[in-house]
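Accompanying notes for the structure given below.
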Amino acid sequence: MSIGTVKLNNAVFYAHHGVMEEEHRIGGRYEVDGSMDINFEKAASEDRLADRVDYERVYQIIQETVTANRFYLIERLAYLIAHQIIDVENGVVSATVTVRKPNPPVGGPCDYAEVIYRCDR
């Protein structure tokens, strides 16, 4: 079995997550990376679209989860995205999702807060 990794890096969305009231009201920028370990054997040897991860469907999962919900924690966001990828994409062995929140309200300069969550099939 050949295990490889497929990544979608830095998908950017405007959404309404956070602990503070104004974060839910005003919203902000969120960046998401999705990394999926998959069995490459069939897709690589036969070059068939049916045997690969559907990048567009994974992007749609990320987009819908980020923009259609409001959570207090980006931990919840990463958790839901990873589990949905595993549920929808049969060939995915494990999914790792990174969610970044630029300029988090932490009382001082900070480029971003970041959560990384991994789940296995």
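For the chain, relative contact order (Cα pairs under 8 Å, six or more residues apart, normalised by length) works out to 27 percent.
Counting only alpha carbon atoms, the long axis of helix 55-67 and the longest principal axis of the chain meet at about 20°.
Calculated FRET efficiency, L73 and V93, Cβ-Cβ r, R0 30 Å, to nearest 0.05?
Numbers: r = 26 Å, r/R0 = 0.87.
Rounded to the nearest 0.05, the efficiency is 0.70.
Largest GNM mean-square fluctuation among R57, R29, R48, using the chain with Cα springs under 10 Å: R48. Given R0 = 22 Å, the distance between the Cβ atoms of E22 and Q63 translates into a calculated FRET efficiency of 0.40.
Built from the Cα atoms of the chain, the convex hull projects on average onto 7.4 nm², one quarter of its surface area.
The numbers here are math on the coordinates, done by the rules we state, and not lab data. Please read all numbers here as calculations on a predicted model, not as lab measurements. Every residue, glycine among them, receives a Cβ derived from its backbone with ideal geometry; neighbour counts consider all protein chains shown.
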